[in-house]
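Throughout, read-outs are computed from the coordinates displayed, never taken from laboratory work. The structure presented is a predicted model; accordingly, all values stated were derived computationally and were not measured. Please note: Cβ atoms are built from the backbone with ideal geometry, for glycine as well, and neighbour counts cover all protein chains shown.
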Amino acid sequence: MNTATLDVKVSRKWTEVQGICGFELTAINGASLPSFSAGAHIDVHLPDGLVRQYSLCNNPNESNRYHIAVLRAADGRGGSKAIHDLVQEGDKVKISEPKNHFPLAHDAAHHLLLAGGIGITPILCMAERLSVADENFEMHYCARSRGRTAFVSRIDSSHFAHRVKFHFDDGDPDQVFDIAKTLEQAPADSHLYVCGPRGFMDAVLAEARRQNWVEGRLHYEFFGGVVEQSAGDKTFQVKLASNGVTVDVAPGCTVVQALAETGVELLTSCEQGVCGTCLTRVLDGTPDHRDSYLTDEEKAAGDQFMPCCSRSKTPVLVLDL
Ligand code: FES
């Protein structure tokens, strides 16, 4: 796993639309930055100690800068507020090298890109890449209203503007996004890429599965994952296979927190089951998956889990630690 960090400078910060700030990050010495592919994200280390993941939204051919855009979430966990309020133009920040859990399938004959709200960031990067590579794609961008929608003028003036349809909640009824129709009309063997609010993604993926799109053609990235907590959560134990140490994990406490209290520090980043950093092998027991990172098949296999948020269905979970 790549955990290297880079020091970069915020060379530009701008208000994209109300509630959404854009940030341009460049190397401190003006050198090139590590290359990235469409769909990649970086971890950004925020001044108050939080680490958050943001998708890169500039053209992946650019080697001198990274662009991210962040929606200020009123009900978030503090990351978006911190970057809006505490990170200013000229500041230095620490970031990870780009990682990509949401890559394009370049062997697909056609790509269907669906963005909801701020989920536009990786989707826009994909559109840039597919346009440069002259691959077939169409993009649908759903948002509340044109005035609160990021990157409208960039898209309207792009080479791929004719491939993009906007759908605004407050627009004419005939432009409202029709998930079923859009998926039905996609060319056979299209690959679907979706990013946006949880409800939007759940609706798109449920419809795709209802229409029998195979999992290998569905690509998605959750952000700001909601970690489920349940009133029925019970204490369970995790056992470390290397030394046999057993640790209690009480309701309201994560495996990561319980292990940290006994001096076992696991590498984490998002702490909400989104990024994959804490992925841990399970040697015995049945995980109770609460993450948005593993696929349904991987969850069913039960041999790995995310200790930052997932729990156990069995009294003991033996971990490959
Ligand atoms: Fe991100 Fe666990 S730390 S999935």
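When the dipole is taken about the Cα centre of the chain, and only Lys, Arg (+1) and Asp, Glu (-1) are charged at their Cβ, what size is it in debye, to the nearest 20?
Working: 30 positive and 42 negative charges, 107 e Å.
That gives the chain a dipole magnitude of about 520 debye.
Sticking with the crude label model, points 7 Å out along Cα→Cβ, report the distance from HIS101 to LYS234 in nm, one decimal please.
Those two pseudo-labels are separated by 2.9 nm.
Do you know the relative contact order of the chain, to the nearest whole percent, from alpha carbon pairs under 8 angstrom that are 6+ apart? Please report the intermediate quantities before stating the final value.
Numbers: 649 pairs, mean separation 43.6, N = 321.
Relative contact order, the chain: 14 percent.
Once you list every other residue whose beta carbon is under 10 Å from the beta carbon of ARG144, what net charge do they have if Lys and Arg are +1 and Asp and Glu are -1?
Values: positive: ARG146, ARG148; negative: ASP169, ASP170.
Residues near ARG144 contribute 0 overall.
Along the Cα→Cβ direction, 7 angstrom out, place labels at GLN18 and LYS165. What is the inter-label distance in nm?
The two pseudo-label positions are separated by 2.8 nm.
Between ARG198, ARG209, ARG311, find the one with the highest GNM mean-square fluctuation for the chain; connect C-alpha pairs within less than 10 Å.
ARG209
Pairs of lysine in the chain with Cα under 19 Å and at least 8 positions apart or on different chains: total?
11
Once you have all Cα-Cα distances for the chain, histogram them in 10 Å bins from zero and send the whole-percent values.
5, 25, 31, 25, 12, 2, 0
For CYS253, CYS21, which order do you get if you count the other beta carbons within 10 Å of each Cβ and list the fewest first? Present the calculation step by step, with values, prior to reporting the outcome.
Working: CYS253 15, CYS21 20.
Lowest count first: CYS253, CYS21.
May I ask you to derive the FRET efficiency for LYS92 and SER157 from their Cβ-Cβ distance with R0 = 41 Å, giving the value to the nearest 0.05? Display every interim value, and only then the final one.
Values: r = 32 Å, r/R0 = 0.78.
Efficiency computed from Cβ-Cβ geometry: 0.80.
Is the shape of segment 225-321 rounded, prolate or oblate, going by the alpha carbon gyration tensor and its root eigenvalues a ≥ b ≥ c, with a/c under 1.5 for rounded and a/b larger than b/c for prolate?
Working: a/c = 1.26, a/b = 1.22, b/c = 1.04.
Rounded is the answer for segment 225-321, as its axis ratio a/c remains below 1.5.
Using only helices, what value at 222 nm comes out for the chain when you add -39,500 (n - 2.57) per DSSP H run of length 4 or more and divide by the total residues, to the nearest 500 deg cm²/dmol?
Values: 7 runs with 59 residues, N = 321.
One gets -5000 deg cm²/dmol as the mean residue ellipticity at 222 nm.
In terms of the Cα gyration tensor, with a ≥ b ≥ c the square roots of its eigenvalues, is segment 152-217 rounded because a/c is under 1.5, prolate because a/b exceeds b/c, or oblate? Mind showing how you got there, number by number?
Details: a/c = 1.87, a/b = 1.45, b/c = 1.29.
Here segment 152-217 falls in the prolate category.
Pull out the extension gain between THR286 and ALA301, defined as 0.36 nm times the separation in residues minus the alpha carbon to alpha carbon distance; nm, one decimal. Each step should come with its number before you reach the end.
Details: separation 15, 0.36 × 15 = 5.40 nm, distance 0.95 nm.
Stretched out fully, the THR286 to ALA301 stretch lengthens by 4.5 nm.
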